[in-house]
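Asks: Sharing a structure here in structure tokens format.
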Ligand code: C2O
Ligand code: CU
């Protein structure tokens, strides 16, 4: 079957180029980091919340005094935060007001295939579509983003992304920092031209301006107490090396929810689409202290300790045991690569994505081992993401992952020469789901494949 015309042959995959963008001359830390507003349901029932979100073009003040054209969920850059509860249904009606197809994937969500936002299952311009999410999974920091085939990279880059948080009762009982002290932060890169417009067709390495909740180098006033920060790397292609200038961040959760126990770290890698939740205790610092969250040595966001506050929250020594690992019955091999002589050039197991082809048939309820390798000869980084499941990383390059990286995951980095041994259980739902490199420029040009869950 024909995958259709590729609109995006302009992707740059090679070494860093000079680029056409500019790094805006900004007074650092002159804007306050906004909180992405929590969306209110248009209607709530006994066990369901119903939301409405238009998908539309707009402008946003990303740089002070400059209006930048963007794409939005709901009119703002970036999308509103949805707060869901385990076992309480959420239905979202998306109205596509763009002049091109769009859709929505709930990244990390355990959802029926009809609501998964499969790349070929799009909302036509002028049409609306209801996605139905049962939220039958434990608390986790998920996110939603466009997944319309060939267009996902550009759509997400221009703003079609937002947080979707699931909370559960056992997590609430832990008494972690909550309410105003539970702050989702979407970190992502952009490249601007001299007019403050976003440049998309360029080497992603030139996206050197990092935004926190849609602002470049903002500050965020905090009280001298504990905060829970839910960090998402919403970049199409960027691995962040996050640090707080050597200060301790206590990692409590990864993509799929809480770790068994908190792990103190001073540095943390976060690849595209990965999430990490950290608790920072600002009570350790005098009022007036400024702590900078940086990507390597590049400052992203400054926390200003400005006031005292009561703090009854805690980070218990034990958070939540990981689910037991059932015995696997099937082993599969997956290789991601580019072939510059192929068309399209992005490949999984030697073949580009073909929506008419099922690459793996998987029995519902089964547990499988997936050995995933970066088979490139180009020294290009990849990541690996599976829809439907939260998996466990059993091995990375033949060794068990460190404690802070051994929790529930749906996306992992796969650097040149790298290999992963993953275990996943395919529960509940039947139908077709994709797995792919989450560098969205790569999935856009074929580095994606399809599994079908069968009875
Ligand atoms: Cu975050 Cu297939 O996607
Ligand atoms: Cu890739």
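The values are calculated or read from the model by the stated rules, or taken from the named source; none is laboratory data. Not measured: the values here are computed from a predicted model. So basically every Cβ, Gly included, is an ideal-geometry build from the backbone, and we count neighbours across all protein chains shown.
Asks: Among the residues of the range 381-397, write down those that are assigned to a loop (DSSP other than H, G, I, E, B) and either more than 20 Å from residue 448 (Cβ to Cβ) or over 20 Å from the mean Cα position of the chain (by Cα) (or both).
Replies: 397
Asks: Does any residue of the range 38-57 turn out to be more than 16 Å from ligand 1 (Cβ to nearest atom) and under 18 Å from the mean Cα position of the chain (by Cα)?
Replies: Scanning the range 38-57 turns up at least one residue that is more than 16 Å from ligand 1 (Cβ to nearest atom) and under 18 Å from the mean Cα position of the chain (by Cα).
Asks: Continuing with this model, one more query. Restricting to the range 427-439, count the residues that are within 16 Å of ligand 1 (Cβ to nearest atom), in a loop (DSSP other than H, G, I, E, B) and more than 21 Å from the chain's Cα centre (by Cα).
Replies: Looking only at that region, the number is 1.
Asks: If you check 401, 415, which single one turns out to be closer than 25 Å to residue 105 by Cβ, surrounded by fewer than 20 Cβ atoms within 10 Å (Cβ to Cβ) and under 24 Å from the mean Cα position of the chain (by Cα)?
Replies: The match here is 415.
Asks: Give the range 169-195 a look and list any residue that's buried (at least 19 other Cβ atoms within 10 Å of the Cβ) and part of a loop (DSSP other than H, G, I, E, B), or say none.
Replies: 176, 177, 191
Asks: Given the criterion more than 30 Å from residue 319 (Cβ to Cβ), touching a strand residue (DSSP E or B) at 6+ places or on another chain (Cβ under 9 Å) and within 16 Å of ligand 1 (Cβ to nearest atom), identify the matching residue among 417, 346.
Replies: 346
Asks: Got at least one residue in the range 278-289 being within 22 Å of residue 235 (Cα to Cα) and modelled with pLDDT of 95 or more?
Replies: Yes, the range 278-289 contains a residue that is within 22 Å of residue 235 (Cα to Cα) and modelled with pLDDT of 95 or more.
Asks: Related question: Being away from ligand 1 (no atom under 16 Å from the Cβ), in the same structural domain as residue 419 (by TED's automatic domain parsing), assigned to a strand (DSSP E or B) and touching a helix residue (DSSP H, G or I) at 6+ places or on another chain (Cβ under 9 Å) is the requirement here; does residue 373 meet it?
Replies: No, not satisfied.
Asks: Something else: Would you confirm whether any residue within the range 387-410 is within 15 Å of ligand 2 (Cβ to nearest atom) and either in contact with a strand residue (DSSP E or B) (Cβ under 8 Å, 6 or more places away or on another chain) or under 20 Å from residue 338 (Cα atoms) (or both)?
Replies: Within the range 387-410, none of the residues are within 15 Å of ligand 2 (Cβ to nearest atom) and either in contact with a strand residue (DSSP E or B) (Cβ under 8 Å, 6 or more places away or on another chain) or under 20 Å from residue 338 (Cα atoms) (or both).
Asks: Within the range 66-162, considering only strands (runs of 3 or more DSSP E) that don't extend past its boundaries, which have at least 3 residues that are in contact (Cβ under 8 Å) with a residue 24 or more places away in the chain and within 16 Å of ligand 1 (Cβ to nearest atom)?
Replies: 105-107, 140-145
Asks: Would you confirm, using the coordinates I've provided, whether residue 317 is at pLDDT 95 or above, more than 16 Å from ligand 1 (Cβ to nearest atom), touching a strand residue (DSSP E or B) at 6+ places or on another chain (Cβ under 7 Å) and assigned to a strand (DSSP E or B)?
Replies: Taking the combined requirement at face value, the residue does not satisfy it.
Asks: Now a separate question. Inside the range 215-246, can you point out the residues that are part of a loop (DSSP other than H, G, I, E, B) and surrounded by fewer than 22 Cβ atoms within 10 Å (Cβ to Cβ)?
Replies: Within the range 215-246, 218, 225, 238, 239, 244, 245, 246 qualify.
Asks: Ok, one more. Go through 442, 404 for me and flag whichever is part of a helix (DSSP H, G or I), in contact (Cβ under 8 Å) with a residue 40 or more places away in the chain and within 16 Å of ligand 1 (Cβ to nearest atom).
Replies: The match here is 442.
Asks: Ok, one more. So is residue 428 out of contact with any strand residue (DSSP E or B) (no Cβ under 6 Å at 6 or more places or on another chain) and either within 16 Å of ligand 2 (Cβ to nearest atom) or modelled with pLDDT under 95 (or both) or not?
Replies: Judged against the criteria, residue 428 is not a match.
Asks: Give the range 194-239 a look and list any residue that's free of Cβ contacts under 8 Å to residues at least 60 places away in the same chain and within 16 Å of the chain's Cα centre (by Cα), or say none.
Replies: Those that are free of Cβ contacts under 8 Å to residues at least 60 places away in the same chain and within 16 Å of the chain's Cα centre (by Cα): 229, 231, 233, 235, 238.
Asks: Still on this structure: Looking only at the range 260-271, decide whether some residue is crowded, with 24+ Cβ neighbours inside 10 Å, modelled with pLDDT of 95 or more and either outside the structural domain of residue 166 (by TED's automatic domain parsing) or part of a loop (DSSP other than H, G, I, E, B) (or both).
Replies: Scanning the range 260-271 turns up no residue that is crowded, with 24+ Cβ neighbours inside 10 Å, modelled with pLDDT of 95 or more and either outside the structural domain of residue 166 (by TED's automatic domain parsing) or part of a loop (DSSP other than H, G, I, E, B) (or both).
Asks: Just checking, how many residues over the range 140-161 are in contact with a helix residue (DSSP H, G or I) (Cβ under 7 Å, 6 or more places away or on another chain), more than 16 Å from ligand 2 (Cβ to nearest atom) and within 12 Å of residue 186 (Cβ to Cβ)?
Replies: 1
Asks: Examine the range 331-338 for a residue that is surrounded by fewer than 15 Cβ atoms within 10 Å (Cβ to Cβ), farther than 18 Å from residue 149 by Cβ and either assigned by TED's automatic domain parsing to the domain that holds residue 444 or more than 16 Å from ligand 2 (Cβ to nearest atom) (or both), and state whether such a residue exists.
Replies: yes
Asks: State the number of residues belonging to the range 348-365 that are surrounded by 16 or more Cβ atoms within 10 Å (Cβ to Cβ) and over 24 Å from the mean Cα position of the chain (by Cα).
Replies: Total satisfying the criteria: 3.
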